[in-house]
1. Restricting attention to region 85-93, does a residue exist that is of a type outside the set (Ser, Thr, Tyr), under 20 Å from GLU128 (Cα atoms) and away from ligand 2 (no atom under 15 Å from the Cβ)?
2. What residue, among those in region 72-114 that are over 17 Å from the mean Cα position of the chain (by Cα) and either modelled with pLDDT of 95 or more or of a type outside the set (S, T, N, Q) (or both), is most open to solvent (accessible area, probe 1.4 Å)?
3. Can you pull out every residue in region 122-133 that is more than 18 Å from the chain's Cα centre (by Cα) and open to solvent by 80 Å² or more (accessible area, probe 1.4 Å)?
Amino acid sequence: MNPQPIDISDALRGRGLRVTTAKLAVLEWLAEHPHATAEQVHGGVLGQLDALSRQAVYDVLAACVDAGLVRQIKPAGHPARFERRTGDNHHHLVCRGCGSIADTDCHTGHAPCINPKQAHGFAVDEAEVVFWGLCRCCRDEH
Ligand SMILES: [Zn+2]
Ligand SMILES: [Zn+2]
């Protein structure tokens, strides 16, 4: 189920972003390759847009993250990853071996899905949950 270009255009306009071929290419590619690094996105769209610089890809990703069209995840020790699945507070399983990432649904579907025992007056709006371990491939190697 890939969003059609027209839907992406609407989504961009709906968030007040200008529709550009760079944004369309990045968002379309990312829809099919979740949890990609900026580097991978750049490599992925290069086939379609030869002139697109790495910086342009970073800029597009940053704008889309700000607009809530793309979610950025930053597992400790790994480069940031990007995905189109936003707004459902889903969590990630990250492999300590190869860095592969898988989605897992949130128990409640909205942040924060766990609350601190002592809030110390903080208005908590998010709990960052990352499940670390070894993926099936990496486990098979041991
Ligand atoms: Zn692995
Ligand atoms: Zn995800």
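The values are calculated or read from the model by the stated rules, or taken from the named source; none is laboratory data. This structure is a prediction, so every number in the text was calculated from the model and none was measured. As a convention, Cβ positions derive from the backbone with ideal geometry for all residues, glycine included, and neighbour counts pool all protein chains shown. Surface areas here come from the heavy atoms of the whole protein model, side chains and all, with no ligands, DNA or RNA. Shrake-Rupley method; radii C 1.70, N 1.55, O 1.52, S 1.80 Å.
1. The answer is no; no qualifying residue exists.
2. Here is the first cut: in region 72-114, the residues over 17 Å from the mean Cα position of the chain (by Cα) are 96-98, 107-108, 112-114.
Right, trim to either modelled with pLDDT of 95 or more or of a type outside the set (S, T, N, Q) (or both) and you get 96-98, 107, 112-114.
Numbers: ARG96: 162, GLY97: 54, CYS98: 80, HIS107: 181, PRO112: 30, CYS113: 35, ILE114: 102 Å².
Here the residue is HIS107.
3. Of region 122-133, the ones more than 18 Å from the chain's Cα centre (by Cα) are 122-125, 133.
Across region 122-133, the qualifying residues are PHE122, ALA123, ASP125.
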